[in-house]
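Before any comments, here is the structure.
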Amino acid sequence: MTDRPWTTILGRHFIDEAPASDTRGISDALFRRLLAADVPLLRANIALTTLHPEFTGFSYRWTRQTDETVEVEGRRIRVEHGLYDRSPYKLFFEDGYAGIRRRLERPDELNDLGVLDEMRAMGATDYVAMATSAGIIGGVTATWTTDRPGGFSTDELVLIERELTATTQTLENRNLRETTVHLLDTYVGPRAGARILTGEIARGSGETLEAVIWLVDLRGYTALSDRLPRDRLIALLNAYYDKVISPVQARGGEVIKFIGDGVLAVFPTDIEGGATAACEAAMAAADEAGAAIDAWNEERGADQQGLDIGIVMHLGDVSFGNVGAARRLDFTVIGPAVNLASRLERLCSEIGDRVLVSGAVAKHVPDQVELIGARRLRGLSRPQMVYRRRL
């Protein structure tokens, strides 16, 4: 005997599967229940919209050929290229449809959806799309395909709709959490996002963190902003951010904030190899960002103004947490180490070197830097030893 609950589907009894913990698992469990009830699925797909800078949503797709449920990303570029106009989602979200059915065996059937030719090529005889809700992000939509002659029966469609409706709230709740994680990762970074999700939202909450502070700015930005039209300036800034931020993230750094054309990032030392590993990662990110800018200048051509960047690094303790007003907080890093890095950034701009580092960083990467000398930095009582990237 088992103490697991039973479900009745079309008069048959099945043991419920253990609850899945993610959206793909929840979708897969639904598909398996329908297959266990002998619904003749050829292909099944559940789609959930999301709020994300790159993706419009995520689909969870099962096919008989693979017998596996996989995640498929819905990229915004596909929408921009017109694929949305011939999708069932346009009928759901703009025209208010709750369901769509296309009997693919019929030669005179409406061929208005871009996916139908693909379904026919798979041997499909029936294609059904359902929208079960219009949740706070967009709801849950699903498509079902069979290759059985005559298509789905009425009882099978009733079952599919009932099972999908019963699963919708679980899917939406999970999707809402995953969307929240995506948004926090996008706007405050994974480390800060994780802390916010665990409830660290009170003003003044935070931790002391040892990290390499990594600051980069785009040289000549003020002149560019005066000269370029708004749309061209935004496009240039976005391309620049891609060039300098991708190496940071690839090397384990976390972007804290944008300050005009400047980017503040940190490389925490709580990793294998400690401070030395963090300094090496920060230096590698600086080299890769510089190389990306140089390659970009070549792509842009001689008729475009060449762009350059300045990067500074300092190693020290920072306070990582919530600061701000009672109803408007910022999750950021503050402290004397951040102030020193900021002063070093001004020096970097004045003397024209691409990469400057403090003595605290230099001692961990001595073979990669050379001494400039002791320099007085505004607001600091003692001169600081400053190093440039060894060429």
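A short reminder: the numbers here are calculations on the coordinates, not readings from a lab. Treat the numbers as computed from the prediction; the structure is a model and nothing was measured. A quick note on method: Cβ atoms are made from the backbone with ideal geometry, for glycine too, and the neighbour counts reach across all protein chains shown.
Selection among ALA295, SER59, ASN45 by position relative to the dipole of the chain gives ALA295 as farthest towards the positive end (Cβ unit charges, Cα centre). Below 8 Å, C-alpha to C-alpha, sequence gap of six or more: please give me the relative contact order for the stretch 279-385 in percent. Once normalised by length, the contact order is 25 percent.
Calculated from the alpha-carbon coordinates, the stretch 127-195 shows an Rg and a Dmax of 17.0, 54 Å respectively. Local charge for LEU315 was computed over the other residues whose Cβ lies under 14 Å away, with Lys and Arg +1 and Asp and Glu -1, and equals -3.
By the count of other C-beta atoms within 10 Å, a proxy for reagent exposure, GLU299, GLU345 are ordered fewest to most as GLU299, GLU345.
Can you work out the FRET efficiency for the pair THR63 and LEU183, with r the C-beta to C-beta distance and R0 = 22 Å, to the nearest 0.05? So the FRET efficiency works out to roughly 0.10. In this rough spin-label picture, where each label sits 7 Å from Cα along the Cβ direction, the GLU118-ASP330 distance is 4.4 nm. Express the relative contact order of the chain as a whole percentage, based on alpha carbon pairs under 8 Å and six or more residues apart in sequence. Reported as a whole number, the value is 12 percent. With 0.36 nm allotted per residue and the present C-alpha distance subtracted, the GLU105-ASP308 stretch has 67.0 nm of extension available.
Each of (i) 4, 18, 22, 18, 15, 13, 7, 2, 0; (ii) 5, 22, 32, 25, 12, 4, 0; (iii) 5, 23, 34, 28, 9, 1, 0 is a candidate for P(r) over Cα pairs in 10 Å bins from 0, in percent; the one calculated from this structure is (i). For ASP270, the shell of other residues with beta-carbons less than 11 Å away shows a net charge of -2, using +1 for Lys and Arg and -1 for Asp and Glu. Across the stretch 202-389, Cα pairs under 8 Å and at least six residues apart give a relative contact order of 25 percent. Going 7 Å from the Cα of ARG232 along its beta-carbon direction, which residues of the stretch 307-327 have the amide nitrogen within less than 19 Å of the resulting point? Taking a point 7 Å out along Cα→Cβ of ARG232, the residues of the stretch 307-327 whose backbone N falls under 19 Å are 307-308. Estimated at 0.36 nm per residue, the fully extended path between ARG75 and THR208 surpasses their Cα-Cα distance by 44.1 nm. Amide H to amide H distances under 5 Å link TYR97 with PHE92, where only residues 5 or more positions off or on other chains count and H is placed in the peptide plane. Pull out a ≥ b ≥ c, the square roots of the eigenvalues of the alpha-carbon gyration tensor of the stretch 283-391, then state rounded if a/c is under 1.5, prolate if not and a/b is larger than b/c, and oblate in the remaining case. Oblate is the answer for the stretch 283-391, as a/c is 1.5 or above yet b/c matches or exceeds a/b. At an R0 of 22 angstrom, the distance between the Cβ atoms of SER349 and ARG376 translates into a FRET efficiency of 0.90. Using only the C-alpha atoms, the convex hull of the stretch 142-297 corresponds to 235 Å³ per residue. Which of rounded, prolate, oblate describes the stretch 251-346, given a ≥ b ≥ c as roots of the alpha-carbon gyration tensor eigenvalues and a/c under 1.5 marking rounded, otherwise prolate only if a/b is larger than b/c? In terms of gyration-tensor shape, oblate.
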